[in-house]
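What follows draws every value from the coordinates through simple rules; no lab data is involved. Fair warning: this is a prediction, and the values are worked out from it, not measured in the lab. Heads up, the Cβs are rebuilt from the backbone with ideal geometry, glycines too, and the neighbour counts pull from every protein chain shown.
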Amino acid sequence: MEWFEKVKTTVSKTAKLTKEKSGELYEITRLSFAINDLETKIDKLFKNIGMLAYRDFENGGEFSEDIDMLLRDIDAKYEEISGIKEQINQIKNVSLCPECGKTNPNDANFCLSCGKKLK
Ligand SMILES: [Zn+2]
């Protein structure tokens with residue numbers, strides 16, 4: 001019954017792999033939602049900056065510190081997004097080419113897009 005043991009091992013290996021894959025997929029989906037959420041917040045911040053800038057313009061004065069604060073907030077959120085994208089790339093086992101920014105498998109020696117040496 002050796003063949004049966006082999007089948008059993010293969011089946012359980014496949015099941016484990018599928019489980020890992022669906023876990024990864026769930027994590028990637030969760031992270032993508034977090035990015036969407038941040039992008040929505042950034043859009044709102046841009047809108048608020050526009051309104052504040054108009055208010056300041058109407059008052060004939062210089063741009064207030066409120067605007068500066070919102071700009072910093074946007075900057076922080078962009079940072080957060082790039083951190084999350086980095087996490088997604090780690091899960092997908094890919095990395096970004098420093099030259100062209102395209103994703104490549106982690107074991108690639110050269111960029112699949114521009115041909116730059118990666119290691
Ligand atoms: Zn490249």
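Computed from phi, the 3J(HN,Hα) profile of region 33-41 under the Karplus parametrisation 6.51, -1.76, 1.60 (θ = phi - 60°) reads 4, 4, 5, 4, 4, 5, 5, 4, 5 Hz, with x in place of Gly and Pro. One chain, two ends: residue 22 and residue 43. Fully extended at 0.36 nm per residue, the span grows by 4.4 nm beyond their Cα-Cα distance.
Close amide H contacts of residue 110 (hydrogens built in the peptide plane, cut-off under 5 Å, sequence separation of 5 or more or a different chain): 118.
Each residue of region 94-110 is assigned a 3J(HN,Hα), and the resulting list reads 10, 9, 8, 6, x, 7, 10, x, 7, 7, 9, x, 4, 8, 6, 8, 10 Hz, derived from the Karplus form 6.51 cos²θ - 1.76 cosθ + 1.60 (θ = phi - 60°), x at Gly and Pro. Going by the alpha-carbon gyration tensor, a ≥ b ≥ c the square roots of its eigenvalues, is region 31-105 rounded (a/c under 1.5) or, if a/c is not under 1.5, prolate (a/b greater than b/c) versus oblate? Here region 31-105 falls in the prolate category.
Charge tally for residue 104 (other residues, Cβ to Cβ under 15 Å; Lys, Arg +1; Asp, Glu -1): +3. When 55, 30 are arranged by Cβ crowding within 10 Å, least crowded first, meaning fewest neighbours, the order is 30, 55. Summing charges over all other residues whose Cβ lies under 13 Å from the Cβ of residue 50, with Lys and Arg as +1 and Asp and Glu as -1, gives -1. Neighbours of residue 85, meaning other residues whose beta-carbon lies under 15 angstrom from its beta-carbon, give a summed charge of -2 when Lys and Arg score +1 and Asp and Glu score -1.
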